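A.B. asks: Dropping the structure in here first, questions after.
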Amino acid sequence: YTVGPKGRELPPGKGTAKEGAEIYTRSCIFCHGPGGLNGPHNSLKGSPRLPFPTTLWDYIHRAMPRKLVNAGVQERQLSNDETYALTAYILHINGIIGENEVLNADTLTKVKIPIEPVKK
């Protein structure tokens, strides 16, 4: 299933940025670097690339983490709780939510990701 922008398809589960930091250190830091910066792959800190937090949740759940030896293959699918926690962590390192805010199917849909206008 795919989770749309309104999040109607979000499954049960919950997580905080504090919990997500531990998962990030185990599964994500190798590609995205400490604190989401300076890894060999996309930086996770800075201007958001996804306009909806539900899209971020969906992408993490369906595509991450990748295998180090073959980035085209998903290593394993994260649990719903792990996905909520990692989503919270990424939102937290970008200053969007607090470290102890609980994300779940209800609270995630209320998060607003600020989108910066394109500079000309």
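The values are calculated or read from the model by the stated rules, or taken from the named source; none is laboratory data. Treat the numbers as computed from the prediction; the structure is a model and nothing was measured. Because the Cβ atoms are built from the backbone with ideal geometry, glycine has one as well, and the counts that use them run over all protein chains shown. Protein only, heavy atoms only, side chains kept; ligands, DNA and RNA dropped before computing areas. Shrake-Rupley method; radii C 1.70, N 1.55, O 1.52, S 1.80 Å.
A.B. asks: Would you mind calculating the gained length between K6 and L68 on full extension (0.36 nm times residue separation, minus the Cα-Cα distance), in nm to one decimal?
C.D. replies: Here the segment from K6 to L68 would lengthen by 19.1 nm.
A.B. asks: Hey, another quick one. Using a 1.4 Å probe on the protein heavy atoms, what percent of the accessible area of region 1-75 belongs to carbon and sulfur?
C.D. replies: Roughly 56 percent, rounded to a whole number.
A.B. asks: Additional query: In what sequence, highest mean first, do 71-79, 17-25, 32-40 appear when ranked by Cβ atoms within 10 angstrom?
C.D. replies: The packing order, highest mean first, is 17-25, 32-40, 71-79.
A.B. asks: If you don't mind, there's one more thing I want to ask. Give me the Kirkwood hydrodynamic radius of region 1-91, using the inverse of the mean 1/r over all pairs of distinct Cα atoms, in Å to one decimal.
C.D. replies: 13.2
A.B. asks: Per residue, how much accessible area does region 1-118 have with a 1.4 Å probe, in Å²?
C.D. replies: Solvent-accessible surface per residue comes out at 57 Å².
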